[in-house]
Amino acid sequence: NERQFIDLYSVAPCNVRMDVYRSGVLYWSGTLDPELYTEPYAYKTDYGVSLTFSDMAVLDRSNFDMSGFVTLQALILAAVGKTCVNYSGLQQYVSTYLSGKDSNTFLSDITLLSDNMFDEDGKAMTWHDALENSLKTFGLRIIQKAGHFVVYDINAVYTAFKDGTNTVDWALDDSNIDVDKIYNNVKLTFSPY
């Protein structure tokens, strides 16, 4: 029906969640991204409507709100909590470690000052920027895989999965990749800094 899903476009972030299960086990979870809605009018009836779900897009719409010193692990868990997704836990594949410590404790060994997530005028970064900048400092990335959030660096992944890698076999000839950037909270200012 025409405009059947238009109400989903105006819902608040985190109100609609999709969980994908594979063989009865949670594989991926994400929330509806209300910024992206496409309804084509090339056909009068029987047309497809695209709804976009994302695991981390909501972090672009939420300002960082922690204070004081926090561990990198606490920051990651707080950011993941803001996504409203269903997940089974946090895994890490990190090759970096502090002297005398194990690499499995790296995320809880590193402490960050939350003040660094605010500019000179006291304006907070988005949660996405705070998470990305904190991870990038240590060469780390985060993804959701097999029902877990996984923090990794390329060296640890290369070492851990060196012998079990498989080549990608493309099954279809019409595969594509789509990327969109959303700006919904724009304020232009000038700062001499």
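The values are calculated or read from the model by the stated rules, or taken from the named source; none is laboratory data. Values in this document were obtained by computation on a predicted structure and should not be read as measured data. Positions of Cβ are backbone-derived with ideal geometry, glycine not excepted, and every protein chain shown enters the neighbour counts. Surface areas here come from the heavy atoms of the whole protein model, side chains and all, with no ligands, DNA or RNA. Shrake-Rupley method; radii C 1.70, N 1.55, O 1.52, S 1.80 Å.
Put simply, the amide H of residue 53, placed in the peptide plane, has neighbours under 5 Å in 33, leaving out anything fewer than 5 places away on its chain.
Distant-in-sequence amide contacts of residue 62, defined by a placed amide H-H separation under 5 Å and a gap of 5 or more residues or a different chain, comprise 127, 128. Note on residue 102/residue 27: beta-carbon distance plugged into 1/(1 + (r/R0)^6) with R0 of 35 Å gives a FRET efficiency of 0.75. Expressed as a whole percent, the accessible area of region 59-129 that falls on carbon and sulfur atoms is 46 (1.4 Å probe). Paramagnetic label reach from residue 71 (point 7 Å along Cα→Cβ; backbone nitrogen cut-off under 11 Å): within region 94-118, residues 105-111. Cβ-Cβ distance of residue 86 and residue 51, R₀ of 30 Å, FRET efficiency by 1/(1 + (r/R0)^6): the value works out to about 0.95. Of 25, 151, the residue with the largest accessible area leads and the full order is 25, 151 (1.4 Å probe). Amide H contacts of residue 92: 151, each under 5 Å away and 5 or more positions distant or on a separate chain (H built 1.01 Å from N in the peptide plane; Pro and chain starts excluded).
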